[in-house]
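Peer 1: Have a look at this one.
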Amino acid sequence: MTAGNDASTGWIIRGAQPLGGPATDLLVRDGVIAEMGAGLSASGATEVDAAGLVALPGLVDLHTHLREPGREDAETVLSGTAAAAMGGYTAVHAMANTDPVADTAGVVEQIWRLGRRAGYCDVRPVGAVTAGLGGSRLAELGAMADSAARVRVFSDDGKCVSDAVLMRRALEYVKAFDGVIAQHAQEPRLTEAAQMNEGEWSGRLGLAGWPAVAEEAIIARDCLLAAHVGSALHICHVSTAGSVEIIRWAKSKGWRVTAEVTPHHLLLTDELAASYDPVYKVNPPLRTAADVTALRQALADGTIDCVATDHAPHPLEDKETEWPAAAFGMTGLETALRVVHESMVDTGLLDWAGVADRMSVRPAAIGRLDGTGVASTGAPDGTPVHGCALGTGAPANLVLYDPASSEPVDPRIHVSRSRNSPFAGMRLPGRVQATFLRGVPTVLDGKLAR
Amino acid sequence: MVHVQPPADGGLDLAAGSAVPAAPAGSVGVGQPRSALLPGGKIVLGPDEIRRALTRIAHEILERTDGADDVILLGIPTRGVQLAHRLAARLAQVESRPAPSGSLDITMYRDDLRLRPARALGHTDVPASGVDGKVVVLVDDVLYSGRTVRAALDALGDLGRPRAVQLAVLVDRGHRELPIRADYVGKNLPTSQREVVQVLLTEVDGQDAVVLGKGAAQAAAAGQEAGR
Amino acid sequence: MIRHLISAADLSRDDALLILDTAGELAQMADRPIFKLPTLRGRTVVNLFYEDSTRTRISFEAAAKRLSADVINFSAKGSSVAKGESLKDTALTLEAMGADAVVIRHGASGAPHRLAGWVRGSVVNAGDGTHEHPTQALLDAFTMRSRLGRLEGLRVTIVGDVLHSRVARSNVLLLHTLGADVTLVAPPTLLPVAVGTWPCEVSYDLDAELPKTDVVMMLRVQAERMNAAYFPTVREYSRRYGLDGSRMALLPEHAIVMHPGPMNRGVEIAADVADSARSTIVEQVANGVSIRMAVLYLLLGGSEASA
């Protein structure tokens, strides 16, 4: 690797397989894929050997917790976006439950600037729906939409917008700037002090149960509300078979409902709680094998539009306790693609083109990063930047992934500040070898490149 | 109830294994004495010799305690208990009045507890008259290192204060590790430490015999303790 | 023998019977002038009680001391725990003190599981959240066997707040292992959603069950549950599920009444029932010490458990 290379001399990626298809070369220069074909050459360009590697458009995460401002002991924008790059991500949506909450133009712009300075991926801050996440008053959604951060996705994630009237108002209000409300579906009264999925295991283990209906009832209500006022609704981290059915029904009516699923809900089940190890404690909780099957099927057939990590880093002392005292959440940026590989590709439910669609194209569309409506991050003239098909002229946001590798997950070598991964020690296929953000590598040879 | 099965051909049959008797109510479920014979063992005392030895010991007890007025027999589980009952029956026959007998489990007082996983307890049954001021005759099947008797003395001390304590054993095989000696001995049996002594009693094993065999491993397989 | 006793499900049928038989022998020794056995001399047992429970703690303390173990009491109040020391740090402190066994009572289900990962000694669960209380189930089984002579085929009815009861969970598991037939009786709100997968029957009708049971065990019901709408009023709960004199008369003649304590006299059990001859409540306490002696002996009295 030649030192001092930059966007103008470019990179020749040799022998990559775009979406798993036939091997080809890609010339990356000046932030775009300048050429695609066999036997490319360009003077001054750096060679990247991509034999056997699958090339995908840079992944887009609709749901990440970067913890800054407020909980920099768990993660910062710098460490979180570096972790994202290691996972093949070129854009992440940072959730608003920081301290202070991201409910004003000021805070969202701060987060957006931190993202630009870190330079590992594009950070699109998510704005809170209600002031302070208090659930009683709308936050200044318009101000956040107009800010430099150009917020389009709004969510009180961590908490549910449970007041039906407030949810209605929020859905109506964001129509003015093509925004979307992303609901964290959790009926608060049904889940007071709840610890894990309500079912056979919760009864046996003596941990307060979290019934599936607490998620499903809110989703049903919000789909009907969105239809009634003609707005867009996005459902965060769908976790149950019942939720899938409701979303399928809503979509069949032509309503503008989209949904995401986390990698862990595609692979893990609630019986893991039997060890009482809080690394498995998450909101929404791990569910049953039947739910996992329904979620995989839904992601395969598109009822669930995309994978979103809900990356939730926590310091050791918040996880190394007895279960009821532990924090909810799992890290996910650095393992997401591998988990999807294991649960969806290796099971034949999705091919690499499907992975590109669910992990890049659709999330970019839902986040309005693909240029629909208003200008997206980073491109001054409004042309799409993320979630674009790999082709000549497309922005060079891409990831090179080695599907043949097979290593156990080791959180100790993760770039995230936190180690709470439920996949620790598990052998998963695949490895991100390189990530390019607008034509410049953020990850090369499986390591951070900056 | 004890289930007794006579030897298959009426004689001494080393190869025959007898059925395990049902456990008396209240005794321990795990750790039942087994009657599997030592392979290649040699019978050193048959039923007649055992009978005579016990009769002789009973008479010796009567002599040395002046009629056994305040004698109480306490057998050490497992087979010491049956021997104590047999001795008590003989004493009662001769003196025409009952002789109190019972059992004293010493598991909790052993000095070698940490060498094996925790053992099931044997049954302790001390006659109502207690031990205070009495002559307690401890009864065991084999006297070897003396550690079992040492533990029994400690257990006895927590029960009360006997006037005197004596020891009756069916077999004394030598190799004492503590200053302990028996007052009444059925048979002195010089052994090497590589040998194993196995005592079988009708009430427990379906036959009466004292068997001398080789190898501690085989003894363990036959359910016998490696050392006493 | 197992290394930890955290759930009643840890015990095989043989293990459970061994504990009961051992406790039986130990109970007989209770009348001795000197009831102190040298068996656990030099071993240290730590009582780590995060929840106030004088009775259970004293029971474990008496059991350990009768076996000549050294006992260290670590209660949540006024210790570093009250100042917010984590369970893990407390565990490391106990390790440094050389605890051979830690008896833990904690408000969080699963706390003994976590502790077992941080200490080398044996962990005995004295009650964790709403999960389990295995020594209670053992002393309950022991009491039943002592009074009624058997456990196999015995019909046991457990009544009350099953949803929040660690005693119920441990009893269902242990009694099933020992061959008894268990029926749970409670209002539907106080039964776990998946109770149908438990090895027992379920009924909402106490009066129907009483004539056909050998044992009725009443669980404590907290009046505060009324505020979370588990039942409308304490009075209605008592009327439908409380054991009073007239209900006690429905029991077969030999049947016994049990309660893990502490009792809410007048709520789940009437005072005259609690004091009747059928009631085993007092002997349950005495049996608790013998059972806990048996558990400590079997866990600590031999060589280290190998697996």
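Readers should treat all values here as calculations from the given coordinates under stated rules, not as data from a laboratory. Bear in mind that the values here come from a model prediction, so they are computed numbers and not experimental data. Every residue, glycine among them, receives a Cβ derived from its backbone with ideal geometry; neighbour counts consider all protein chains shown.
Peer 1: Give me the distance in nm between label points sitting 7 Å out from Cα along the Cα-to-Cβ direction at B:D132 and A:V165, one decimal.
Peer 2: 8.4 nm
Peer 1: On to the next question. Have a look at A:Y120, A:Y89, A:Y173 and tell me which one the Gaussian network model of chain A (Cα, springs below 10 Å) gives the largest fluctuation.
Peer 2: Judging by the Gaussian network model, the answer is A:Y173.
Peer 1: Expressed as a rounded percentage, what relative contact order does chain C have, with Cα pairs under 8 Å and six or more residues apart?
Peer 2: Values: 583 pairs, mean separation 63.8, N = 307.
Contact order relative to length: 21 percent.
Peer 1: Give me B:S96, A:S406, C:S290, A:S79 sorted ascending by neighbouring Cβ count inside 10 Å, so fewest comes first.
Peer 2: Least crowded to most crowded, the residues run B:S96, A:S406, A:S79, C:S290.
Peer 1: Next question. Can you give the helix-only mean residue ellipticity at 222 nm for chain C, where every DSSP H stretch with n ≥ 4 adds -39500 (n - 2.57) and the sum goes over all residues, rounded to the nearest 500 deg cm²/dmol? Kindly include the intermediate steps, with their values, before the conclusion.
Peer 2: On the way: 11 runs with 113 residues, N = 307.
Calculated mean residue ellipticity at 222 nm is -11000 deg cm²/dmol.
Peer 1: Continuing with the same structure: Based on the Cα coordinates of the range B:47-191, what is the per residue volume of their convex hull in Å³?
Peer 2: Looking at the range B:47-191, the number lands at 113 Å³ per residue.
Peer 1: Amide H of B:V137: which non-local residues (sequence gap of 5 or more, or other chain) have their own amide H closer than 5 Å, using H built in the peptide plane?
Peer 2: B:I72, B:L73, B:L74, B:Q166
Peer 1: Next up: Say the cut-off is 23 Å between C-alpha atoms; which of A:K251/A:K281; A:K159/A:K319; A:K159/A:K281; C:K65/C:K88; A:K159/A:K251; B:K187/B:K214 go over it?
Peer 2: In this structure, A:K251/A:K281; C:K65/C:K88; A:K159/A:K251 exceed 23 Å between Cα atoms.
Peer 1: Principal axis extents for the range C:99-179, Cα atoms only, whole Å, descending order, please.
Peer 2: 40, 28, 17
Peer 1: With an 8 Å Cα cut-off and a minimum separation of 6 or more residues, compute the relative contact order for the range C:134-283 in percent. If you can, show how the numbers build up before the last one.
Peer 2: Working: 262 pairs, mean separation 34.5, N = 150.
Relative contact order, the range C:134-283: 23 percent.
Peer 1: Something else now. Hey, could you grab the Kirkwood Rh for the range C:40-196? Inverse mean 1/r over distinct alpha carbon pairs, Å, one decimal. All intermediate terms of the calculation are to be shown ahead of the outcome.
Peer 2: On the way: mean 1/r = 0.0591 Å⁻¹.
It is 16.9 Å.
Peer 1: Each residue of the range C:185-190 in order: what ³J(HN,Hα) in whole Hz does its phi give by Karplus 6.51 cos²θ - 1.76 cosθ + 1.60, θ = phi - 60°, with x for Gly and Pro?
Peer 2: Working through the residues one at a time gives 10, 6, x, x, 5, 9 Hz.
Peer 1: Let me know the Rg and Dmax you get for the protein assembly as shown when you use only its Cα atoms, in Å.
Peer 2: Answer for the protein assembly as shown, Rg first and Dmax second: 37.3, 121 Å.
Peer 1: Beyond 40 Å, what percent of the Cα pairs of chain A remain?
Peer 2: Values: 12971 of 101025 pairs.
So the portion of pairs separated by more than 40 Å is 13 percent.
Peer 1: At what distance in nm do the modelled label points of B:N188 and A:A42 sit from each other, each positioned 7 Å from its Cα along Cα→Cβ?
Peer 2: 10.6 nm
Peer 1: Note the angle between two axes, namely the Cα long axis of helix C:134-148 and the longest principal axis of the Cα atoms of chain C, as a number of degrees from 0 to 90, rounded to the nearest 10.
Peer 2: 60 degrees
Peer 1: Still on this structure: For the range B:47-191, build the charge dipole from Cβ charges (+1 Lys, Arg; -1 Asp, Glu) around the Cα centre, then report which of B:P162, B:L138, B:Q93 sits farthest towards its positive end.
Peer 2: Checking the options against the dipole of the range B:47-191, the answer is B:L138.
Peer 1: So, counting K/R as plus one and D/E as minus one, what does the shell of residues with Cβ under 11 Å around A:G135 add up to?
Peer 2: Numbers: positive: A:R137, A:K159; negative: A:D156, A:D163.
For residues surrounding A:G135, the net value is 0.
Peer 1: Here's another thing I want to ask about it. Enumerate the calculated ³J(HN,Hα) couplings along the range C:11-23 in order (Karplus 6.51 cos²θ - 1.76 cosθ + 1.60, θ = phi - 60°), each rounded to whole Hz, writing x wherever the residue is Gly or Pro.
Peer 2: Karplus-based 3J(HN,Hα) across the range C:11-23 equals 9, 6, 4, 5, 4, 5, 5, 4, 5, 5, 5, 4, 4 Hz.
Peer 1: Moving on to the next point. Within chain A, which whole H helices from DSSP have a Cα span along their axis of at least 15 Å and a mean Kyte-Doolittle hydropathy of 1.0 or more, if any?
Peer 2: On the way: long enough: A:105-118 (20 Å, -0.14); A:213-229 (24 Å, 1.08); A:241-252 (17 Å, 0.17); A:289-301 (18 Å, 0.39).
Membrane-span-like by this rule: A:213-229.
Peer 1: Counting Lys and Arg as +1 and Asp and Glu as -1, each charge on the Cβ, what is the dipole of the range C:134-283 about the Cα centre in debye, to the nearest 20?
Peer 2: Numbers: 15 positive and 17 negative charges, 41 e Å.
For the range C:134-283, the charge dipole is close to 200 debye.
Peer 1: Given +1 on the Cβ of Lys and Arg, -1 on the Cβ of Asp and Glu, and no further charges, what dipole in debye does chain A carry about its Cα centre, rounded to the nearest 20?
Peer 2: Values: 38 positive and 53 negative charges, 137 e Å.
It works out to roughly 660 debye.
Peer 1: Return the average number of partner chain Cβ atoms within 10 angstrom of each residue Cβ along peptide C:22-31. Let's see the in-between values first.
Peer 2: Working: counts 9, 1, 5, 11, 3, 0, 5, 8, 0, 1.
Mean partner shielding for this stretch: 4.
Peer 1: Would you please give the residues with an amide H less than 5 Å from that of C:N73, counting only those at least 5 places away or on a separate chain, with H modeled from the backbone geometry?
Peer 2: It is C:N47, by chain and number.
Peer 1: Could you tell me the calculated FRET efficiency between A:A353 and C:A228, based on Cβ-Cβ distance and R0 = 56 angstrom, to the nearest 0.05?
Peer 2: Values: r = 51 Å, r/R0 = 0.90.
So the FRET efficiency works out to roughly 0.65.
Peer 1: How would C:L210, C:L190 line up from fewest to most surrounding beta-carbon atoms within 10 angstrom?
Peer 2: Values: C:L210 20, C:L190 23.
Fewest to most other Cβ atoms nearby, the residues stand as C:L210, C:L190.
Peer 1: Roughly how compact is the range C:134-283, stated as its Cα Rg over 2.2 N^0.38 Å to two decimals?
Peer 2: So the range C:134-283 has a normalised radius of gyration of 0.95.
Peer 1: Report, in whole Å, the centroid distance computed from the Cα atoms of the range C:230-307 and the range C:126-184.
Peer 2: 10 Å
Peer 1: If you don't mind, there's one more thing I want to ask. Could you work out the Rg to Rh ratio of the range A:198-245, with Rh taken as the Kirkwood radius (inverse of the mean 1/r over all Cα pairs)?
Peer 2: Working: Rg = 13.8 Å, Rh = 12.2 Å.
Radius of gyration relative to Kirkwood radius: 1.13.
Peer 1: Each residue of the range A:182-195 in order: what ³J(HN,Hα) in whole Hz does its phi give by Karplus 6.51 cos²θ - 1.76 cosθ + 1.60, θ = phi - 60°, with x for Gly and Pro?
Peer 2: Rounded to whole hertz, the list is 9, 8, 8, 7, 7, 4, x, 6, 6, 10, 4, 6, 6, 10.
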